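Quick one: the structure is below, questions incoming.
The values are calculated or read from the model by the stated rules, or taken from the named source; none is laboratory data. Only a predicted model underlies this, so the values are computations on that prediction, with no experimental measurement involved. Every residue, glycine as well, gets a Cβ built from its backbone with ideal geometry; the counts of neighbours run over all protein chains shown. SASA here: full protein model, heavy atoms, side chains in, ligands and nucleic acids out. Shrake-Rupley method; radii C 1.70, N 1.55, O 1.52, S 1.80 Å.
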Amino acid sequence: MDVLRASSSTLVHSPYISTTRRRNKTQFPKPIFHHLRLKLIVFDSSFTLFERNGSKSRLFMTLSSSPASTTESIEPPMPELEADGREKKRFDWYSHWYPVMPICDLDKRVPHAKKVLGLDLVVWWDRNENEWKVFDDTCPHRLAPLSDGRIDQWGRLQCVYHGWCFNGNGDCKLIPQAPLDGPPVHTFKEACVTVYPSTVQHDIVWVWPNADPQYKDIIMKKKPPYIPVLDDPSFSGPTGNREFPFGYEVLIENLMDPAHLPYAHYGLISNPTPKVKVDREGGSPLGMEVEKLDKNGFNGKQDWGCSYFIAPCIYHAFIDVDQQNGSAICETEKSNRRLCLVFMCIPVSPGKSRLIWSFPKNFGVWIDKIVPRWMFHIGQNLILDSDLYLLHVQEHKVMELEATNWQEACFVPTKSDAFVVGFRRWLNKYGGGTVDWKGKFSGALPPSPPREQLMDRYWTHVVSCKSCSAAHKGLKTLEVMLQTMSVISIGIVAVTKQNMISMVAKSTMVSMAIICFAASKWLAQFIYKNFHYHDYNHAFV
């Protein structure tokens, strides 16, 4: 107990709920206390007691990096800094703008099916008003999906089940089955489609997921979050989008977590060599802290720059590439070469999410004009795939534990988890602990498909990316052409009489056939690995 009393002198505030210092009469759950006592005998440590609503305390420890020597204690993940702490108004998930898709990946000729917050949406181009529209993806007639329809010759959205047509305001303009001399049933309110407020910002379509008439002109009162670097002409970087088989919470936590990069993406992302290298991958302690947390998100600071979480969707960070001294560089400070990471994380449904990303930078911008966009996406998808399976399984394990909250399932003792802890604190304090699905789902996760289906790139990215879809089509055409040339070359040699062609010509034709056949096989493998499925085995990297 003397050891425990001595070590408990450095109590810090809880990164979850309580900010009250507790010095006396502290009660610990028995299993955790036993674990703590063993650790304190071996290590020079500091610890923090975390509470949730005044009940069910849990003890977290922050261990020194070297068990053999006395080192400075490391504070737990997140300091108590908070904007107010007394805000009573809950975060309304349906009173915010959500990004849907980059317009560069939308075809104006066809309607597109998308889902946000469990809402089935159809995004289409209204050429009469020169605007992107977002409707409820349901025809009021027999509830057929409008996204499977077409845009007719008058620029109206047509349901292909019975031909009902709608203008950009959602009004029904034609019911082919209604007699021309009969009552104008197409003008009835029941014949209209639900229209959601939408706008375009940063070349991305945004939607306000509440069709109540009071929000019809919401764009005049509240605009989507603005990220200046995305409109800065001195910055350039490709955008992309992808669907994931895990939820919004897991997606945004993973993007806030730089500590996993040397391990989950080993060999794919270059990382600076730490001063003290403790393993092959080069992981090291990260100085991260949350400076402000309120209903609108939080500001974060780490060794290499500043980060911002703008609730509910946006996480972006600024990296000073030329930074050498390890001090944080804020967005307002000048820097020579800067890289911005912009992640827009969209809740789709339980166990499903969508990511829109952009990496604008103010150096090497010429490469974006030379290298096709789909080639950037190949590298980015490889990185995303390398921890996709881990995140899918992680989410299912947390659900299987049936923990009443995330902190009961996960042990996060170091500062490298500060942003993840900050996000969970925001989610618990303001967001109700989870995405508000308005009762549309039971809360259960969808079953896990086979690994190859789980990590499929074609349906989660290629079909919804205009550049990758075009590249896939072009490469498949080239593959067929190579196979055809191989067959034709062999056919010519086979049907040509012996004295009509020289041996040199025959040898050339056979060699060409072999080369074309081999090239087609290589190309088929290239297409499969880069546009369909590329496994990542962490044991062999």
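Magnitude of the Cβ-charge dipole of region 412-541, K/R +1 and D/E -1, about the Cα centre, nearest 20 debye?
Roughly 300 debye, rounded to the nearest 20.
A further question on this structure: How large is the accessible surface per residue of region 133-177, computed with a 1.4 Å probe and reported in Å² as a whole number?
Roughly 46 Å² per residue, with all protein chains present.
With a cap of 16 neighbouring Cβ atoms within 10 Å, and only residues DSSP puts in a loop, list the chymotrypsin sites (Phe, Trp or Tyr not before Pro) found in region 143-234. Each step should come with its number before you reach the end.
Details: sites: Trp154, Tyr161, Trp164, Phe166, Phe188, Trp206, Tyr215, Tyr226; in loops: Trp154, Tyr161, Trp164, Phe188, Tyr226.
Counting only loop positions with at most 16 other Cβ atoms within 10 Å, the chymotrypsin sites (Phe, Trp or Tyr not before Pro) in region 143-234 are Trp154, Tyr161, Phe188, Tyr226.
In region 341-420, which GluC sites (Glu not before Pro) fall in coil by DSSP and have 12 or fewer other Cβ atoms within 10 Å?
Numbers: sites: Glu395, Glu400, Glu402, Glu408; in loops: Glu402.
Within region 341-420, the qualifying GluC sites (Glu not before Pro) (loop, at most 12 other Cβ atoms within 10 Å) are Glu402.
Just in region 116-173: which trypsin sites (Lys or Arg not before Pro) are loop by DSSP and have at most 15 other Cβ atoms within 10 Å? If you can, show how the numbers build up before the last one.
Working: sites: Arg127, Lys133, Arg142, Arg150, Arg156, Lys173; in loops: Arg127, Arg142, Arg156.
Taking region 116-173 and a limit of 15 other Cβ atoms within 10 Å, the loop trypsin sites (Lys or Arg not before Pro) found are Arg127, Arg142.
Right, here's the next one. At a 1.4 Å probe, what is the % contribution of carbon and sulfur to the accessible area of region 202-297? Write out the running numbers ahead of the final one.
Working: 2540 of 4790 Å².
Carbon and sulfur together cover 53 percent of it.
Give Lys352/Lys466; Lys221/Lys466; Lys108/Lys521; Lys223/Lys292; Lys173/Lys466; Lys108/Lys440 a once-over and call out the pairs whose C-alpha atoms are over 24 Å from each other.
In this structure, Lys221/Lys466; Lys108/Lys521; Lys173/Lys466; Lys108/Lys440 lie more than 24 Å apart at Cα.
Let me ask something additional. Work from the charge dipole of region 376-420 (Cβ charges, +1 for Lys and Arg, -1 for Asp and Glu, about the Cα centre) and give the residue of Gln407, Leu390, Ile378 farthest towards its positive end.
Final value for the positive-end residue is Ile378.
Another question, if that's okay. Could you provide, to the nearest whole Å², the per residue accessible area of region 340-421 with probe 1.4 Å?
40 Å²
OK, next. Using 1/(1 + (r/R0)^6) with R0 = 41 angstrom and r between the beta carbons of Glu400 and Asn130, what's the FRET efficiency to the nearest 0.05?
Given R0 = 41 Å and the Cβ-Cβ separation, E is 0.25.
Carbon and sulfur together cover what percent of the accessible area of region 120-174 at a 1.4 Å probe radius?
Numbers: 1040 of 2520 Å².
Its accessible area is 41 percent carbon and sulfur atoms.
Same structure again: Using a 1.4 Å probe over the heavy atoms of the protein chains, calculate the carbon and sulfur portion of the accessible area of region 458-541 as a whole percent.
71 percent
Shifting gears a bit: Which lysines, on any chain, are close to Lys361 with Cα under 17 Å apart, when same-chain ones fewer than 8 places away are left out?
Qualifying lysines at Cα under 17 Å: Lys334, Lys369.
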